[in-house]
Amino acid sequence: MTVSATPVLEISGVSKRFGHTVANDDISLSLGRGEIVALLGENGAGKTTLMSILFGHYVPDSGTIRVEGTELPSGKPRAAIGAGVGMVHQHFSLAPNLTVLENVMTGTERLWTLRSGTGAARRKLLDIAERFGLKVDPDARLGDLSVGEQQRVEILKALYNDARILILDEPTAVLTNIEAERLFTTLKEMARQGLSLIFISHKLDEVMAAADRIVVLRGGRKVAERAASETTKAELAELMVGRRVSRPVREASTPGAVVLEARDVGLRSGGVDRLSQVNFSLRAGEVLGIIGVSGNGQSVLAQLLSGTLARTSGEILIDGKPFGNPGVDAVVAMGIGRVPEDRNHDGAISEMALWENAILERLSAYSRRGLVDRKSGISFATRIIEQFDVRGGTAETRTGLLSGGNMQKLILGRNLIAHPRILIAAQPARGLDEGAVAAVHTRILDARKAGTAVLLISEDLDEVIALADRIQAITGGRLSPPVYAEHADARRLGLMMAGDWNSAPEAGHAI
């Protein structure tokens, strides 16, 4: 379908402040029928705030929003839904204990309705699923679905409410590459059939591949607008951060002694082997990359080494001595830093201040006579903020107000500032913009250079190839033999992730 010249959506002069922070500053943009617009920017650039204003979650300080010529009332999500605006949030708002159909119907029927229209709803849902190629089982329990399938349900719910304008906030943040490709195929089909779409992103590859037009925000302001066919990834990266961005390069080095070793480690729970005969060794000043498709045991391995899960077989050695099954406090005391996979759930408490989260794993060092030393905690957090470029507030700012990238820098900083002997980094750059990725990668390589042994667990092939000295693939809870990074490429690692462990020469087991 040809994109309509007449806009279906017009955002004019929208501004929004949170205290002293300017989230949006006089932003204007439009959207045509059948058009896909990417809203691109660093973490904290104001993208989600702007779309939350459009959907009625926030009230702007100034500016107007018009849908097909009619001004939307501020702060009223039901008015936005009624005008045909649907939003798919980065963190899904579905009930895992309900079925797909129940989730889709939630909020669409009046409480005093005498008879539920389940039959009609089922037919409408299946018609929409068929029309847009979004295969779904209406009776499946949501909690039993994969992340990609749950996102499909979020989209279907918006379409069930007759959305004509669809907003997607970081739609690929938790998807595999294959799921992301399927999603954008679906979005293009939606646009072909007349839907208008805005998707928030910081990923340059997907923006270039999927969008008709790209709007770039930086520091809460609109700084550029480009047709996707008339720009490059290099230009967009520079527009996002206001400077040329380059990722660090891993330098050749000679690792030190083995500091962490796993021998035939297994973990069984609920009658299922989550890990089985896992073997690896990790040296000082080395990055060992663990690559795998989500759900193959890498999360369990990270939790085990971080002290939140206990193994059921095998042994783990630190400096040749048994690791046991210590708790988090003991792990931290051993000089092991932890960057968890889910920063929102496991890495920080959003209601706490930055300084409280900064000392959370080291309370004994920042307490006197059983009372937390606020002054020293604030001083420690301020050092992290300054040294790791954590933006978005002071040591006393509520952590939940930080962007994802800045929260990640806070978590990385509280670990690396203590110069850990071992760093367990699980998905350290997931969901981060190009500038933040470069910053996180630089810090990891700096730690390696300083002698820290880094276990990097990631689903990003490019990240692992760029940072790791040796790489092992995890499949079904088992680890492949290691390969040297210089012998690895995306194709070979992809085969290893699929279980073909004969696709590359081994790096050897010598320790």
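Here are the numbers:
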{"quantity": "Test: residue in the stretch 249-262 that is crowded, with 20+ Cβ neighbours inside 10 Å, in contact (Cβ under 8 Å) with a residue 24 or more places away in the chain and assigned to a loop (DSSP other than H, G, I, E, B)", "calculated": "no"}
{"quantity": "Matching residues in the stretch 392-406 - criterion: being buried (at least 17 other Cβ atoms within 10 Å of the Cβ) and either outside any loop (DSSP other than H, G, I, E, B) or in contact (Cβ under 8 Å) with a residue 60 or more places away in the chain (or both)", "calculated": "GLY392, GLY393, THR399, LEU401, LEU402, SER403, GLY404, GLY405, ASN406"}
{"quantity": "Count of the stretch 407-426 residues which are surrounded by fewer than 24 Cβ atoms within 10 Å (Cβ to Cβ) and not in a helix (DSSP H, G or I)", "calculated": "6"}
{"quantity": "ALA490 vs. criteria surrounded by fewer than 20 Cβ atoms within 10 Å (Cβ to Cβ), modelled with pLDDT of 85 or more and farther than 19 Å from ASP346 by Cα", "calculated": "no"}
{"quantity": "Tally, over the stretch 305-357, of residues that are in contact with a Lys or Arg (Cβ under 6 Å, 6 or more places away or on another chain) and either on the phi > 0 side of the Ramachandran plot or not in a strand (DSSP E or B) (or both)", "calculated": "4"}
{"quantity": "One residue from SER12, SER30, SER74 being surrounded by fewer than 22 Cβ atoms within 10 Å (Cβ to Cβ), under 24 Å from GLU206 (Cβ atoms) and not basic (Lys, Arg)", "calculated": "SER30"}
{"quantity": "Any chance VAL245 is within 18 Å of ALA466 (Cβ to Cβ) and modelled with pLDDT under 90", "calculated": "yes"}
{"quantity": "Residues (within 20 Å of ASP264 (Cα to Cα) and in a helix (DSSP H, G or I)) located in the stretch 464-502", "calculated": "MET496, MET497"}
{"quantity": "Any hit, the stretch 268-284, residues being crowded, with 22+ Cβ neighbours inside 10 Å, part of a loop (DSSP other than H, G, I, E, B) and touching a residue at least 12 places away in the same chain (Cβ under 8 Å)", "calculated": "no"}
{"quantity": "Residue count for the stretch 369-378, restricted to those that are of a type outside the set (A, V, I, L, M, F, W, C), assigned to a helix (DSSP H, G or I) and surrounded by 14 or more Cβ atoms within 10 Å (Cβ to Cβ)", "calculated": "3"}
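The values are calculated or read from the model by the stated rules, or taken from the named source; none is laboratory data. Note that the structure is predicted; figures quoted are calculated from it, not measured. Using ideal geometry, Cβ is built from the backbone for each residue, glycine included, and neighbour counts are taken over all protein chains shown.
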